[in-house]
1. Within the stretch 5-17, count every residue that is under 27 Å from the mean Cα position of the chain (by Cα) and open to solvent by 80 Å² or more (accessible area, probe 1.4 Å).
2. Could you please find all residues in the stretch 38-56 being touching a Ser or Thr at 6+ places or on another chain (Cβ under 8 Å) and not basic (Lys, Arg)?
3. Name the single residue that is nearest to the ligand (Cβ to nearest atom) among those in the stretch 82-99 being farther than 18 Å from residue 164 by Cβ and in a loop (DSSP other than H, G, I, E, B).
4. From 140, 127, 135, grab the single residue that is away from the ligand (no atom under 13 Å from the Cβ), open to solvent by less than 10 Å² (accessible area, probe 1.4 Å) and over 10 Å from the mean Cα position of the chain (by Cα).
5. Can you find a residue in the stretch 102-118 that is in contact (Cβ under 8 Å) with a residue 24 or more places away in the chain, within 16 Å of the ligand (Cβ to nearest atom), surrounded by 11 or more Cβ atoms within 10 Å (Cβ to Cβ) and not in a strand (DSSP E or B)?
6. Does the stretch 58-81 hold any residues that are near the ligand (Cβ under 9 Å from one of its atoms) and either open to solvent by less than 10 Å² (accessible area, probe 1.4 Å) or closer than 20 Å to residue 137 by Cα (or both), and which are they?
7. Pull out all pairs, ordered by first then second residue, where Cβ-Cβ is under 6 Å, the residues are six or more apart or on different chains, the first lies in the stretch 174-197 and is modelled with pLDDT of 80 or more, and the second is part of a helix (DSSP H, G or I) and open to solvent by less than 60 Å² (accessible area, probe 1.4 Å).
8. Considering 127, 116, 105, which residue is touching a strand residue (DSSP E or B) at 6+ places or on another chain (Cβ under 8 Å) and either closer than 24 Å to residue 68 by Cβ or of a type outside the set (Asp, Glu) (or both)?
Amino acid sequence: MNGGEIERLIHLLGRLPGLGPRSARRVALHLLKKREALMQPLSEALAEAARAIRPCSVCGNLDTVDPCSICADPRRDSGLICVVEDVDDLWAMERGKIFTGRYHVLGGTLSALDGVGPDELNIAALVRRVAAGGVREVIVATNATVDGQTTAHYLAERLGEFNVPLTRLAHGVPVGGELDWLDDGTLATALKARRAL
Ligand SMILES: [Zn+2]
């Protein structure tokens, strides 16, 4: 049917989250039809992002500079660290403009089912940040899922020796809810009403 390029494109698109084989075929066809308006600009944006964007060596955020622009911003409170599961949660917090501290991105949650242990997550770097001193509060903003809760309790154990207060977002956050799905008002309320972990 073709030299394999279309199959390769469909296969790669099908590995994106939320795209099954059928939607991957639809997206591939759409791209091929919109070669100049969409496919070429997209491929350039992908190449540029792959070249320029790196995880921040301090917090795990994604940016073109390292340390990232949040870690490097002197106006942001370095004594307040908000721990999030992934960068989309950080984006949700930033969209709400409700948090003036800094972040730590874990890169996921502990999961017995998926075989994710502490070493697979960005936890050692968090322990080092807290051990270095100057942190007044760690806000654990992992999601209200079973894995999110497990991760929060694990962090409380690991950070227990440093005598830094740990807090958790209040449960206006729906169980199983992810930060990215919350409207900014709900997220602001959950942050304000945070409580000891
Ligand atoms: Zn950073």
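1. Counting residues in the stretch 5-17 that are under 27 Å from the mean Cα position of the chain (by Cα) and open to solvent by 80 Å² or more (accessible area, probe 1.4 Å) gives 5.
2. Scanning the stretch 38-56 gives 52, 53.
3. Restricting to residues being farther than 18 Å from residue 164 by Cβ and in a loop (DSSP other than H, G, I, E, B), the top hit is 86.
4. 140
5. Scanning the stretch 102-118, I find at least one residue that is in contact (Cβ under 8 Å) with a residue 24 or more places away in the chain, within 16 Å of the ligand (Cβ to nearest atom), surrounded by 11 or more Cβ atoms within 10 Å (Cβ to Cβ) and not in a strand (DSSP E or B), so the answer is yes.
6. Answer for the stretch 58-81, where residues must be near the ligand (Cβ under 9 Å from one of its atoms) and either open to solvent by less than 10 Å² (accessible area, probe 1.4 Å) or closer than 20 Å to residue 137 by Cα (or both): 58, 59, 60, 61, 68, 70, 71, 72.
7. Close Cβ pairs satisfying both conditions: 187/96; 188/96; 197/156.
8. Every option except 105 fails the conditions.
The values are calculated or read from the model by the stated rules, or taken from the named source; none is laboratory data. Bear in mind that the values here come from a model prediction, so they are computed numbers and not experimental data. In this analysis, Cβ positions are derived from the backbone assuming ideal geometry, glycine residues included, and neighbour counts consider all displayed protein chains. Just the protein is used for accessible areas: all its heavy atoms, side chains included, with ligands, DNA and RNA removed. Shrake-Rupley method; radii C 1.70, N 1.55, O 1.52, S 1.80 Å.
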